[in-house]
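Structure, as structure tokens:
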Amino acid sequence: MGCIIVRIAGRPVTSASPKKMTTEPARTELSLHNDPRLMAAVGAVVSHSAQRIGLASEVQEGLAAAVMDACRETFPLLGDQDGNNSALKIIVEDFHDRVEVTIEHAGEALPTAGLDSFCGGGGDGTMAGISNSLQDTRVDRVQYETHDGRSRMKLIKYCGGRKATV
């Protein structure tokens, strides 16, 4: 194989200033079915949002792992609903001081991560999921609500270097 060398023009390149990334809050919505291959996509979206607000790499990975654990623990609550609402709705929002991940589903009106999972479950120590993620402080706040027949759990991670504004 031959090699072609092309001479580069000798004048400097000038261009308009590069377009800056917006600092406006971003919102991403996903509809997730119980398929392990889709968990990586959820983790990538959460990591990207965490990176946008300036969280460290370890914190990004920890938040993504906590969200994936919460999704895995929520799927058994969906049950068989004739295929109509058998998916999780995941909303990832990043603000200047925090990332909020909402996991919404129809099904049992029970919290995705209840008090029993925080305390170690039924005593056999096999509960790992979101309870370990919360105990390892991968998320800063968990909110749970039921509204219009839908259960919502919100995982919130604040950016440590910035102060929250009300």
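Within region 43-74, if we keep just the residues that are open to solvent by 10 Å² or more (accessible area, probe 1.4 Å) and of a type in the set (Ser, Thr, Tyr), the residue that is farthest from the chain's Cα centre (by Cα) turns out to be Ser57.
Among the residues of region 90-105, the one identified as open to solvent by 20 Å² or more (accessible area, probe 1.4 Å) and in contact with a Phe, Trp or Tyr (Cβ under 8 Å, 6 or more places away or on another chain) is Arg98. Can you name the number of the only condition in (1) surrounded by fewer than 21 Cβ atoms within 10 Å (Cβ to Cβ); (2) modelled with pLDDT of 90 or more; (3) touching an Asp or Glu at 6+ places or on another chain (Cβ under 7 Å); (4) not aliphatic (A, V, I, L, M) that Pro25 fails? The one condition Pro25 does not meet is (2). Quick check: is even one residue across region 117-134 modelled with pLDDT of 80 or more and either of a type in the set (D, E, K, R) or over 26 Å from Ser31 (Cβ atoms) (or both)? So far as region 117-134 goes, no, none of its residues is modelled with pLDDT of 80 or more and either of a type in the set (D, E, K, R) or over 26 Å from Ser31 (Cβ atoms) (or both). Determine whether Ser151 is within 30 Å of Glu24 (Cβ to Cβ), among the small types (Gly, Ala, Ser) and either modelled with pLDDT of 90 or more or in a strand (DSSP E or B) (or both). For Ser151, the condition - within 30 Å of Glu24 (Cβ to Cβ), among the small types (Gly, Ala, Ser) and either modelled with pLDDT of 90 or more or in a strand (DSSP E or B) (or both) - is met.
The values are calculated or read from the model by the stated rules, or taken from the named source; none is laboratory data. Quick caveat: nothing in here was measured; it's all calculated off a predicted structure. All Cβ positions, even for glycine, are placed from backbone atoms using ideal geometry, and neighbour counts span all protein chains on display. Please note that ligands, DNA and RNA were not included when accessible areas were found on the heavy atoms of the full protein model with its side chains. Shrake-Rupley method; radii C 1.70, N 1.55, O 1.52, S 1.80 Å.
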